[in-house]
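Report on the structure given below.
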Amino acid sequence: MEDTKDLLTIKQASEWASKLLNKNVTPSNISYLIQYGRIKKIGSNGDTLVAKQDLVEYYNSYLSKRETAWKGQLGDDLNWSLSFDHLKEADTTKHVHRLHPYKGKFIPQLVEYFLDSHVDEFKNEIYFKKGDIVLDPFCGSGTTIVQANELGMHAIGIDVSAFNALISNVKIGKYDFLDLDYEIKRISRALKQFIADSNTIRFENKLTQELAKFNNKYFPSPEYKYKVAFKEINEDKYGAEKEKEFLPIFLNLIKEYDIRLMQEKQDSFIDKWYLQHIRTEIDFVCNLIKQIKNTSTKKL
């Protein structure tokens with residue numbers, strides 16, 4: 001049995017870990033560790049408790065390992081501060097950078113480091129100033145363009161991908177926010193009604209119910225994740241067995257709600273990668289946007 005002196009509530013654990021790491025560790029961070037089996041949940045009545053020793057072992061396995069590993073590969077002159085390891089996801093995807101989950105982007109703080117007017121032991125010269133023109137010939141989702149604009153610089157972005165150019169232009173465009181808010185809400189209401197009138201919501205609700213029952217029975221959280229983390233369960237073998245058990249339930253729901261899993265054609269990226277009901281929703285929104293554009297043009 002655990003010594004009660006070494007047990008912490010989630011709030012106490014977050015305060016203890018914050019002091020240890022010298023950065024803010026929130027109760028949500030501790031809850032994540034419990035939820036995903038990194039540390040064990042103790043007690044089922046009242047406050048959730050964790051053992052301080054479990055935290056010590058977890059953070060000892062985490063502390064400095066990434067920095068040490070990268071410096072071992074790249075040398076001691078590696079500027080680890082440029083990893084921005086201390087930032088939360090909300091900071092590294094701030095404002096317009098959260099508009100699309102573009103996989104090839106780097107974080108805005110890295111761009112700011114090289115564009116802004118500070119110097120340090122690694123950056124000993126200022127390369128850009130307000131009013132300069134910054135050219136990014138491989139602009140991706142437009143991170144450099146946005147951050148240059150924030151710092152009072154002009155920016156030109158080039159990319160071979162038309163989709164990347166679209167994302168970038170959306171991020172740096174000027175908009176009437178009242179009109180934008182009105183049209184977004186209008187489109188959202190129409191789409192919500194369109195989906196409600198289809199079988200999609202009914203299918204998803206029923207599937208969610210069946211999955212919840214199945215998961216509660218065979219994958220109870222956090223006990224299951226803890227057992228996987230500590231090799232008490234072979235996740236691949238167990239998961240494959242349960243997948244076969246759930247498949248008949250899934251196929252019956254597909255048939256009951258007339259859900260099409262395969263597209264009739266695969267002429268484009270959207271045809272190939274999106275389920276039919278998602279493609280139908282995309283087409284509905286696109287047509288609605290065209291109507292809005294046509295109406296706006298006529299008014300002008």
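Return the residues of region 223-262 that are in a loop (DSSP other than H, G, I, E, B), acidic (Asp, Glu) and over 21 Å from Phe203 (Cβ atoms); say none if nothing qualifies. Step through it out loud before you land on a result.
Let us first name the residues in region 223-262 that are in a loop (DSSP other than H, G, I, E, B), namely 230-234, 257-262.
In the following step, the residues that additionally are acidic (Asp, Glu) were identified as 232, 258.
The answer is Glu232, and nothing else.
Go through region 276-300 and report how many residues are among the basic types (Lys, Arg) and surrounded by 13 or more Cβ atoms within 10 Å (Cβ to Cβ). Full working, then the answer.
From region 276-300, those among the basic types (Lys, Arg) are 279, 290, 293, 298-299; that's our starting set.
If we keep only those that are surrounded by 13 or more Cβ atoms within 10 Å (Cβ to Cβ) as well, we get 279.
So the answer is 1.
Please enumerate the residues belonging to region 7-34 that are buried (at least 16 other Cβ atoms within 10 Å of the Cβ) and in contact (Cβ under 8 Å) with a residue 60 or more places away in the chain.
Ile34
Each row is one residue, and each column tells you yes or no for (1) exposed (fewer than 10 other Cβ atoms within 10 Å of the Cβ); (2) modelled with pLDDT under 85; (3) closer than 28 Å to Thr26 by Cβ.
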{"residue": "Pro108", "(1), (2), (3)": "no, no, yes"}
{"residue": "Lys123", "(1), (2), (3)": "no, no, no"}
{"residue": "Met153", "(1), (2), (3)": "no, no, no"}
{"residue": "Ala162", "(1), (2), (3)": "yes, no, no"}
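Considering only residues that are surrounded by 13 or more Cβ atoms within 10 Å (Cβ to Cβ) and at pLDDT 80 or above, which ones fall in region 251-275?
Step one: filter region 251-275 for residues surrounded by 13 or more Cβ atoms within 10 Å (Cβ to Cβ), giving 253-254, 257, 259, 263, 270-271, 274-275.
Matches in region 251-275: Leu253, Ile254, Tyr257, Ile259.
Which one is modelled with the lowest pLDDT among residues in region 67-80 that are loosely packed, with under 13 Cβ neighbours inside 10 Å and assigned to a helix (DSSP H, G or I)?
Going residue by residue through region 67-80, those that are loosely packed, with under 13 Cβ neighbours inside 10 Å are 68-69, 72-77, 79.
With assigned to a helix (DSSP H, G or I) added as a condition, the list becomes 68-69, 72-74.
Details: Thr68: 69, Ala69: 74, Gly72: 76, Gln73: 82, Leu74: 81.
Among them, the one singled out is Thr68.
In region 139-170, what residues are over 23 Å from the mean Cα position of the chain (by Cα), assigned to a loop (DSSP other than H, G, I, E, B) and within 20 Å of Gln109 (Cα to Cα)?
Result: Leu151, Gly152, Met153.
When the residues of region 192-224 are narrowed to those that are without any contact (Cβ under 8 Å) to a residue 60 or more places away in the chain and within 14 Å of Leu288 (Cα to Cα), which ends up surrounded by the fewest Cβ atoms within 10 Å (Cβ to Cβ)?
Applying the filter and picking the extreme gives Gln193.
The rows are residues; the columns are (1) free of Cβ contacts under 8 Å to residues at least 60 places away in the same chain; (2) in contact with an Asp or Glu (Cβ under 6 Å, 6 or more places away or on another chain); (3) not hydroxyl-bearing (Ser, Thr, Tyr).
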{"site": "Phe230", "(1), (2), (3)": "no, no, yes"}
{"site": "Glu241", "(1), (2), (3)": "yes, no, yes"}
{"site": "Tyr257", "(1), (2), (3)": "yes, no, no"}
{"site": "Glu264", "(1), (2), (3)": "yes, no, yes"}
{"site": "Ile282", "(1), (2), (3)": "yes, no, yes"}
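Can you find a residue in region 35-43 that is modelled with pLDDT under 75 and surrounded by fewer than 14 Cβ atoms within 10 Å (Cβ to Cβ)? Explain how you work it out, then say what you get.
So the first thing to find is which residues in region 35-43 are modelled with pLDDT under 75, and the list is 43.
Within this subset, residues satisfying the condition of being surrounded by fewer than 14 Cβ atoms within 10 Å (Cβ to Cβ) are 43.
Checked against the condition, which is being modelled with pLDDT under 75 and surrounded by fewer than 14 Cβ atoms within 10 Å (Cβ to Cβ), region 35-43 yields at least one hit.
Going by the structure shown, is Lys231 basic (Lys, Arg) and within 28 Å of the chain's Cα centre (by Cα)?
On the way: basic (Lys, Arg): yes; within 28 Å of the chain's Cα centre (by Cα): yes.
Yes.
Looking at region 175-191, is at least one residue exposed (fewer than 12 other Cβ atoms within 10 Å of the Cβ), at pLDDT 90 or above, under 30 Å from Phe269 (Cα atoms) and of a type in the set (A, V, I, L, M, F, W, C)?
The answer is yes; a qualifying residue exists.
The values are calculated or read from the model by the stated rules, or taken from the named source; none is laboratory data. Computed from a prediction, not measured in an experiment: that's the story for all the values here. Counting neighbours? That spans all protein chains shown, and the Cβs are built from the backbone with ideal geometry, glycine included.
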